[in-house]
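These notes concern the structure reproduced below.
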Amino acid sequence: MLPRLYEAFLNKEVFTFEDVLELGYSRATARQKIYQLHKQRLIGQIRPGKYYVIPLGGKGEEFVPDRYKVGSVLVRPYFFSHHSALDLHGVAYYVASMVSISSPKQFRPLNLASNRFQGIVTKRLFGIQKVNRGIVEIFVSDPERTFLDGLRRLDLVGGLEQYWKSIEGFPYLKPKRILDYLKMFDEKSLNQRAGFALDYFKEAWDLPSEFLDELASLVSSNVYYLVPSAKGPSKFVKKWNLMVPPNLTS
């Protein structure tokens with residue numbers, strides 16, 4: 001017969017000390033039960049007060065828990081962002097060991113198995129949706145927020161080339177939602193970068209010309225680079241007042 005506490009979280013796979021208390025255990029009993037499960041190699045510790053369940057036959061310390069379930073208990077509020085969001089939406093072009101977690105709160109980076117969990121501090125808690133990871137609900141930036149976050153931090157999506165190949169996988173982006181988010185970000189450079197990218201994919205995403213015209217009206221007199229740290233040759237695109245790599249203008 002399996003321990004009650006073990007059975008309670010077996011399907012969920014991750015839990016916190018507070019979750020254990022909600023089962024009706026006292027704090028002292030909860031600590032004792034957790035200690036026993038850990039000693040039996042039925043659970044592993046993510047951080048103090050945060051644990052993952054090792055399934056029967058999971059070979060104890062060799063077992064690698066689902067990284068997004070692990071990330072979901074590290075900090076609250078939170079949402080998976082950047083490359084991790086691309087991955088969760090099924091469009092990431094490459095595999096990354098970094099798990100990006102955006103939150104208003106800072107947390108120390110965590111290395112667990114082959115994954116590194118990195119926090120990105122943000123106060124902008126919009127464009128977030130729930131998705132199911134097994135029976136666990138996790139939070140991730142929606143496709144439109146993911147698209148814009150990638151443009152803002154290309155270093156967190158593998159650079160321009162990997163990012164470009166990833167977003168090609170989106171079947172569609174919602175124009176009104178993008179406009180709303182651009183207003184919330186209120187960054188002139190992002191307006192121009194997003195305008196160029198959306199113009200580039202306008203046929204693939206069947207974007208209306210009226211939408212692109214509205215984006216073009218947001219273009220400022222300042223010239224920006226699609227890749228802020230670009231060191232190679234760039235070509236000027238007048239419509240978006242933007243310097244872009246030549247291979248994207250042919």
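The values are calculated or read from the model by the stated rules, or taken from the named source; none is laboratory data. Not measured: the values here are computed from a predicted model. As a convention, Cβ positions derive from the backbone with ideal geometry for all residues, glycine included, and neighbour counts pool all protein chains shown.
Answer yes if at least one residue in region 146-157 is out of contact with any helix residue (DSSP H, G or I) (no Cβ under 8 Å at 6 or more places or on another chain) and closer than 29 Å to Ser97 by Cβ, and no otherwise. Checked region 146-157: at least one residue is out of contact with any helix residue (DSSP H, G or I) (no Cβ under 8 Å at 6 or more places or on another chain) and closer than 29 Å to Ser97 by Cβ.
The residues of region 128-166 that are under 29 Å from Asn11 (Cα atoms), of a type in the set (Gly, Ala, Ser) and within 14 Å of the chain's Cα centre (by Cα) amount to a single one, Ser141. Using the structure shown, decide if Leu198 is in the same structural domain as Arg124 (by TED's automatic domain parsing) and either more than 24 Å from the chain's Cα centre (by Cα) or within 22 Å of Arg124 (Cβ to Cβ) (or both). Here the answer is no, as Leu198 does not meet what is asked. Yes or no: Arg145 over 30 Å from Gly44 (Cβ atoms) and assigned by TED's automatic domain parsing to the domain that holds Ser220? For Arg145, the condition - over 30 Å from Gly44 (Cβ atoms) and assigned by TED's automatic domain parsing to the domain that holds Ser220 - is not met. Would you confirm whether any residue within region 35-48 is in a helix (DSSP H, G or I) and among the hydrophobic types (A, V, I, L, M, F, W, C)? For region 35-48, residues in a helix (DSSP H, G or I) and among the hydrophobic types (A, V, I, L, M, F, W, C): present. Kindly indicate whether any position in region 96-114 is assigned by TED's automatic domain parsing to the domain that holds Pro77, more than 21 Å from Ile46 (Cα to Cα), at pLDDT 95 or above and under 13 Å from the mean Cα position of the chain (by Cα). No, there is no match, as no residue in region 96-114 is assigned by TED's automatic domain parsing to the domain that holds Pro77, more than 21 Å from Ile46 (Cα to Cα), at pLDDT 95 or above and under 13 Å from the mean Cα position of the chain (by Cα). For region 188-223, the tally of residues that are of a type in the set (A, V, I, L, M) and not in a helix (DSSP H, G or I) stands at 5. Being touching a Phe, Trp or Tyr at 6+ places or on another chain (Cβ under 8 Å) and basic (Lys, Arg) is the filter here, so list the residues in region 170-198 that pass it. Hits for region 170-198 are Lys188, Arg193.
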